[in-house]
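Following this message is one structure expressed as structure tokens.
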Amino acid sequence: FEVVCSHCLTMAASTCSSPCFEALCNFGRSPRKTIASTSTEVIRPAGSAGSVPRAEAQLVQLLQYEMMFTKAPLAHSSFAALAFRLSKASPSLLKASLSAVLANHPACAGRLLGSAVALTGDGVPFTVVESLESSAPEVIQEIDLLRFADFRRPTRVVKGLEPLLTMKLTSFLDGSAVLVMCHCHALLDGTSAFAFLGDWARSARGEKTVASRRTSALLQALPDEGQLYDLSQEKFGRPLAGSWTYSALKVAFDLVCPLYDRLFLAGVTGDLSRPRVYFSDTELARIKAAATPSAGDGWVSTQEALTAYILLTIGKATLPSTSRGRAIAAFALDARKALGFHLDDIIGSGVVGLKVCLSGLLQMSLPEVAGALHELAKTDLSQEAVRCQWRFTAGAACIGLGFDVMLEMMPWCNYDICLILNNQSKRELPDFGEASGGVAESVLTNAGPTLVLPARGGVEVFLD
């Protein structure tokens with residue numbers, strides 16, 4: 001009988017390569033084999049004598065702000081993935097260098113125990129898949145993370161039943177590979193994840209690495225009760241207090257997350273199908289030139305220009321002409337500099353959210369929007385604002401009100417358009433050395449509303 005392919009609308013389309021036609025033609029047949037072999041090895045810190053019983057293991061205490069990230073579903077970066085395309089890869093050399101760097105980062109080989117990491121040395125599972133496909137994809141798609149990444153469910157990670165870090169290397173017939181590191185956000189935020197990758201890359205190149213640091217200033221940065229009261233008065237005009245509404249939301253969150261994670265891993269939630277927009281360096285330069293105002297400082301950053309361009313473009317395309325044009329640009333910013341931490345400090349909660357608000361977006365020109373963002377950033381996104389916001393959120397988390405603060409500060413419905421940008425993802429691509437894998441050729445992360453810097457230059461924007 002003849003098969004109608006809805007993709008190309010032809011009868012018996014033997015040359016059609018659409019997924020639907022291939023699925024129909026292969027109905028009832030054994031699926032085409034695409035994997036030659038799969039193996040998993042647990043990589044332990046170099047010099048380790050084996051696992052240490054948890055009752056005897058040294059503990060690294062985490063902040064309650066860091067533990068908050070274990071409550072989020074997989075789709076919201078609680079166990080985030082970083083994927084890289086490599087032109088070649090040596091599994092044995094990558095494993096050896098990973099073992100060496102884990103000796104300097106023992107927490108990454110441990111397991112959660114309450115609100116601490118037990119340095120058990122249980123190790124990091126490293127899975128190697130040999131694919132029968134010809135070559136690694138030039139551009140890794142988000143949906144492909146379901147086969148390239150070794151995700152673990154946060155509800156099991158928080159109980160210490162799963163590792164805090166996983167590695168998966170998929171090699172292809174031409175020698176290219178996809179390397180994916182998944183990490184628990186409570187231990188490593190975006191900056192820390194890239195710091196760990198940088199150390200691993202240096203180890204793979206045969207260079208010396210130093211022991212990881214978890215600064216003592218982390219606890220010192222937390223506000224005391226009086227300071228937290230003052231911060232609450234400044235932010236909300238009242239003392240910090242819990243809410244029955246938010247408490248109910250947290251309970252519902254705990255009940256829904258496990259089911260949502262199952263749906264996420266089945267690829268049916270849509271969280272791994274975000275549109276991607278690529279801006280080349282030339283396009284960014286043109287946008288910045290067009291967005292630079294003649295008044296004020298006569299200068300805006302590339303990010304301010306790009307944010308203004310995206311806000312204005314999407315606003316004009318989606319908002320009715322009668323709209324107030326109230327716009328919010330929210331940023332996930334790294335708080336390390338503002339808090340006096342070292343950029344390589346291993347922290348799961350170095351990120352903080354701040355926003356700037358505009359009115360009358362549709363009546364503004366591109367330079368006016370960029371100029372307004374630039375001026376507002378001087379105060380609303382200043383280092384002092386970042387420092388205060390981190391201390392407020394982290395302090396509230398210590399008394400069990402971290403979620404209340406974050407939900408209270410959400411813009412909810414008091415805007416017409418909201419753009420959220422995650423600065424955590426603007427990082428250098430790792431270079432594992434000629435023998436181990438070379439320089440990563442592309443990067444993909446599912447961690448939040450993301451800006452990434454691809455190897456070919458420019459910026460990729462993932463739109464939620």
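The values are calculated or read from the model by the stated rules, or taken from the named source; none is laboratory data. Since the model is a prediction, treat every value here as computed from it, not as a measurement. Cβ coordinates were reconstructed from backbone atoms using ideal geometry, including for glycine residues, and neighbour counts include every protein chain displayed. To get the accessible areas, we keep the full protein, side chains included, count just its heavy atoms, and leave off ligands, DNA and RNA. Shrake-Rupley method; radii C 1.70, N 1.55, O 1.52, S 1.80 Å.
By the gyration tensor of its Cα atoms, with a ≥ b ≥ c the square roots of the eigenvalues, what is the shape of the stretch 161-315: rounded for a/c under 1.5, prolate for a/b over b/c, or oblate?
rounded
I've got another one for you. What does the charge count around Leu311 come to, taking other residues whose C-beta lies under 12 Å from its C-beta (Lys +1, Arg +1, Asp -1, Glu -1)?
Values: positive: Lys316, Arg326; negative: Glu304, Glu368, Asp416.
Its environment carries a net charge of -1.
Another question, then. If we count every other residue with Cβ under 14 angstrom of Ala103's Cβ, Lys/Arg +1 and Asp/Glu -1, where does the sum land?
On the way: positive: Arg44, Lys95, Arg202, Lys208; negative: Asp199.
In short, +3.
Label-point separation (nm) for Glu283 and Arg54, each offset 7 Å from Cα along Cα-to-Cβ?
It is 4.8 nm.
In terms of the Cα gyration tensor, with a ≥ b ≥ c the square roots of its eigenvalues, is the stretch 67-118 rounded because a/c is under 1.5, prolate because a/b exceeds b/c, or oblate?
Here the stretch 67-118 falls in the oblate category.
Which of the lysines could a cross-linker bridge to Lys235, judged by Cα under 23 Å and excluding same-chain residues fewer than eight apart?
Lys250, Lys337, Lys355, Lys378
Another question, if that's okay. In whole angstrom, how far apart do the alpha carbon centroids of the stretch 299-352 and the stretch 61-110 sit?
26 Å
Right, another one. From the square roots a ≥ b ≥ c of the eigenvalues of the alpha-carbon gyration tensor of the stretch 289-339, which class results: rounded (a/c under 1.5), prolate (a/b over b/c), or oblate?
oblate
Further, regarding this structure: Projected area of the chain, taken from the Cα convex hull and averaged over every viewing direction, in nm²?
26.5 nm²
Another one. Could you please report the charge total around Ala370, scoring K, R as +1 and D, E as -1 over all other residues with beta-carbon less than 14 angstrom from its beta-carbon? Please list the in-between numbers first.
Working: positive: Arg286, Lys288, Lys378; negative: Asp297, Glu304, Glu368, Glu375.
That sum, taken over residues with Cβ under 14 Å, equals -1.
Still on this model: What are the DSSP H helices in the chain that stretch 20 Å or more along their long axis, judged by alpha-carbon atoms, and whose average Kyte-Doolittle hydropathy comes to at least -1.0? Don't skip to the end; give the middle numbers.
Numbers: long enough: 190-204 (21 Å, 0.31); 244-265 (32 Å, 0.78); 302-318 (24 Å, 0.61); 366-380 (21 Å, 0.05); 383-398 (23 Å, -0.14).
Helix filter hits for the chain: 190-204, 244-265, 302-318, 366-380, 383-398.
Further question on the same structure: Considering the stretch 227-310, what Rg and Dmax in Å follow from its alpha-carbon atoms?
22.0, 53
Per the 1.4 Å probe, what fraction of the accessible area of the chain, in percent, lies on carbon and sulfur atoms?
57 percent
For Lys168, go through the lysines and keep the ones whose alpha-carbon is under 29 Å away, minus same-chain ones fewer than eight residues off.
Answer for Lys168, where 29 Å is the Cα cut-off: Lys33, Lys71, Lys88, Lys95, Lys159, Lys208, Lys426, listed by chain and number.
Hey, what's the stretch 63-138 come to in accessible area per residue, 1.4 Å probe, Å²?
Values: 2060 Å² over 76 residues.
Here the residues of the stretch 63-138 average 27 Å² of exposed surface.
At a Förster radius of 45 Å, what calculated FRET efficiency corresponds to the Cβ-Cβ distance of Glu207 and Leu376, to the nearest 0.05?
0.60
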